[in-house]
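The values are calculated or read from the model by the stated rules, or taken from the named source; none is laboratory data. The model shown is predicted, which means the values in this text are computed figures rather than measured ones. In this analysis, Cβ positions are derived from the backbone assuming ideal geometry, glycine residues included, and neighbour counts consider all displayed protein chains.
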Amino acid sequence: MKKFETLNKIHKNYLVAVVRGKNFDDTVKMIDAIVKGGIKNIEITYTTPKASKLIEHFADSPDICVGAGTIMSRETADAAIRSGAKYVVSPHFDPDISVLCNLNQVPYLPGCTTATEIVEALKSGVDVIKIFPGGLLGASYIKDIKGPIPHVNLMPSGGVNQANMGDWINNGAFAIGIGSALVKGYDGSNPEVISENAKAFSSRYKELTGGE
């Protein structure tokens with residue numbers, strides 16, 4: 001899948017599940033539950049054991065768009081891409097990761113908090129910026145940044161919940177990253193809770209956007 005096809009898929013699916021699992025089997029169970037609940041963008045973080053193996057496991061699934069999260073180095077990004085990651089996400093901006101992703105036609109979504117960081121990322125070929133930490137910056141941050149940089153695509157991650165996701169949407173978020181809110185109430189033995197949480201987010205998104 002080429003770069004812009006992936007970006008279009010992320011935007012169309014809109015909700016991005018940020019997954020941090022304890023082990024391989026538990027993470028597979030979590031992702032299956034999230035997909036069952038209606039969320040198709042899956043970001044597997046590299047704080048999860050066997051993250052590359054997990055990406056490889058889900059890479060060819062027709063139901064999801066799987067990416068790699070918490071990528072801290074070019075080497076890790078390379079491993080993720082070789083495993084089948086369709087996109088790469090970092091908590092920071094790394095120009096070396098950006099070059100690698102561009103060469104492989106893989107979207108790179110770096111975490112930025114200042115206008116300077118955002119502009120540097122855009123100059124390197126980045127198409128979507130992750131607003132991190134989203135909960136700290138707040139939804140109005142998108143409008144503030146789009147004032148001087150109107151063409152930038154922004155995706156909040158961290159602190160997004162059902163109560164504030166409407167604010168992010170209304171302020172023009174390209175997509176929304178959801179993490180801990182998806183696993184609220186999950187104890188390792190009740191994946192149906194994750195499915196219910198994912199379904200609630202999917203339903204809320206459709207309600208806010210008038211989708212079916």
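For a quick check of your reading: which helices (runs of 4 or more DSSP H) sit entirely within the range 70-156 and have at least 3 residues that are more than 20 Å from VAL18 (Cβ to Cβ)?
In the range 70-156, 74-83, 95-103, 115-123, 140-146 are the helices (runs of 4 or more DSSP H) which contain 3 or more residues that are more than 20 Å from VAL18 (Cβ to Cβ).
Could you tell me whether ASN153 is touching a residue at least 12 places away in the same chain (Cβ under 8 Å), touching an Asp or Glu at 6+ places or on another chain (Cβ under 7 Å) and over 24 Å from GLY37 (Cβ atoms)?
yes
Determine, yes or no, whether ILE194 is closer than 20 Å to ILE31 by Cβ, modelled with pLDDT of 95 or more and not in a loop (DSSP other than H, G, I, E, B).
So ILE194 passes the test.
What's the total number of residues in the range 116-149 that are over 14 Å from PRO95 (Cβ atoms), touching a Ser or Thr at 6+ places or on another chain (Cβ under 6 Å) and not aromatic (Phe, Trp, Tyr)?
Count: 2.
Quick check on the range 62-83. Is at least one of its residues charged (D, E, K, R) and modelled with pLDDT under 95?
The answer is yes; a qualifying residue exists.
Which numbered condition trips up ILE129, out of (1) over 19 Å from the mean Cα position of the chain (by Cα); (2) surrounded by 18 or more Cβ atoms within 10 Å (Cβ to Cβ); (3) β-branched (Val, Ile, Thr)?
Single failed check for ILE129: (1).
Residue check, LEU103 against (1) buried (at least 16 other Cβ atoms within 10 Å of the Cβ); (2) among the aliphatic types (A, V, I, L, M); (3) under 21 Å from ALA59 (Cα atoms), all met but one. Which one?
For LEU103, the exception is condition (1).
Could you tell me whether the range 166-185 includes any residue that is farther than 15 Å from ILE131 by Cβ, touching an Asp or Glu at 6+ places or on another chain (Cβ under 8 Å) and either of a type in the set (Lys, Arg) or surrounded by 15 or more Cβ atoms within 10 Å (Cβ to Cβ) (or both)?
No, the conditions are met nowhere in the range 166-185.
Please find, among SER140, SER98, the residue that is surrounded by 17 or more Cβ atoms within 10 Å (Cβ to Cβ), in contact (Cβ under 8 Å) with a residue 24 or more places away in the chain and not aliphatic (A, V, I, L, M).
After applying the criteria, what remains is SER98.
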